[in-house]
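Below is one structure, written out as structure tokens; the observations come after it.
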Amino acid sequence: MRPLQRADVEGFLGYYSLPDVQRYLDWKARDRSEAITAFDAMRKQTRLTRPGDVLTLAVTRKADDAMMGHISLRWTDATASQGEVRFAFAPAYRKQGYAAEAVAEMINYGFDTFRLHRIFAITAGANERAAKLLRTLGMRLEAHYREHALFMGEWDEELHFAVLAREWQRSSKVRELPRHKVA
Ligand SMILES: CC(C)(COP(=O)(O)OP(=O)(O)OC[C@H]1O[C@@H](n2cnc3c(N)ncnc32)[C@H](O)[C@@H]1OP(=O)(O)O)[C@@H](O)C(=O)NCCC(=O)NCCS
């Protein structure tokens, strides 16, 4: 994972405008020029220095540095040290475990380097792949907003997942001792 580079633009355009990506992203890009504008803005998201800042990293394939997807971490609240993750992967690189591995790495980064207290993710109720990924990582489903808004004439559903720093350490880094070894 690394900051986006100019040369990533074609890889990025290959998935960012797809309907199944657009429907789950905040930043809408209806055509190539809007997607390039989004890319240019994301390329500048390289550090978290104040609340509201976003860090966006490209997830690339080791063999040829091809861009497989991207992950963003937004510092939403300084006082309570909260952050939000968002992510998208090109269809060719899905279903191989890359997204889960990379999102876990970004969460590690948020807790270890930025000392966040809680990291959350919001996804659409119909986004089963994202919900499965977040559950797999041990994030807790804290809310399911049903029909909370209208989106293009249809009811929208929203899932809110989160994990605390101390839970993340317990779930992903500290393995429980097998029962017979516990005194
Ligand atoms: C959300 C999204 C990133 C999930 O991608 P994904 O491919 O389902 O997630 P992963 O890369 O972690 O792959 C997990 C799958 O790989 C499989 N897999 C195959 N080889 C694997 C390996 N070596 N290690 C781990 N998992 C492996 C897993 O079994 C799992 O499949 P399953 O769910 O059918 O059991 C993707 O659907 C996407 O980009 N969607 C559009 C954007 C979006 O919705 N973003 C979310 C906004 S918050």
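The values are calculated or read from the model by the stated rules, or taken from the named source; none is laboratory data. Note that the coordinates shown come from a computational prediction; the quantities given were computed from them, not determined experimentally. Glycine gets a Cβ as well: all are built from the backbone with ideal geometry, and neighbour counts include every protein chain shown.
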- Residue count, region 84-112 (criterion: within 20 Å of LYS44 (Cβ to Cβ) and within 13 Å of the ligand (Cβ to nearest atom)): 6
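Residue by residue, here is whether (1) charged (D, E, K, R); (2) buried (at least 17 other Cβ atoms within 10 Å of the Cβ); (3) in a strand (DSSP E or B) holds:
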position: ALA102; (1), (2), (3): no, yes, no
position: GLU105; (1), (2), (3): yes, no, no
position: THR123; (1), (2), (3): no, yes, yes
position: ALA149; (1), (2), (3): no, no, yes
position: VAL163; (1), (2), (3): no, yes, yes
- Please specify each residue of region 1-35 satisfying the condition of being in a loop (DSSP other than H, G, I, E, B), surrounded by 17 or more Cβ atoms within 10 Å (Cβ to Cβ) and not hydroxyl-bearing (Ser, Thr, Tyr). LEU4, ALA29
- region 127-147, residues that are surrounded by 16 or more Cβ atoms within 10 Å (Cβ to Cβ) and within 24 Å of ARG115 (Cα to Cα): LEU133, LEU134, LEU137, MET139
- Message: Among the residues in region 30-45, are any at positive phi and either among the charged types (D, E, K, R) or at pLDDT 95 or above (or both)?
- Response: no
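Looking at this structure, is ARG146 of a type in the set (Lys, Arg), farther than 23 Å from LEU55 by Cβ and more than 15 Å from the ligand (Cβ to nearest atom)?
Against the criterion (of a type in the set (Lys, Arg), farther than 23 Å from LEU55 by Cβ and more than 15 Å from the ligand (Cβ to nearest atom)), ARG146 qualifies.
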- Message: From the list ALA38, ALA63, exactly one residue is within 16 Å of the ligand (Cβ to nearest atom) and surrounded by 14 or more Cβ atoms within 10 Å (Cβ to Cβ). Which is it?
- Response: ALA38
- Here are some residues: TRP75, TRP27. Which one is away from the ligand (no atom under 16 Å from the Cβ) and within 15 Å of the chain's Cα centre (by Cα)? TRP75
- Members of region 5-24 found to be within 16 Å of the ligand (Cβ to nearest atom), of a type outside the set (D, E, K, R) and in contact (Cβ under 8 Å) with a residue 24 or more places away in the chain, listed by number: GLY11, PHE12, LEU13, GLY14, TYR15, TYR16, LEU18, VAL21, TYR24
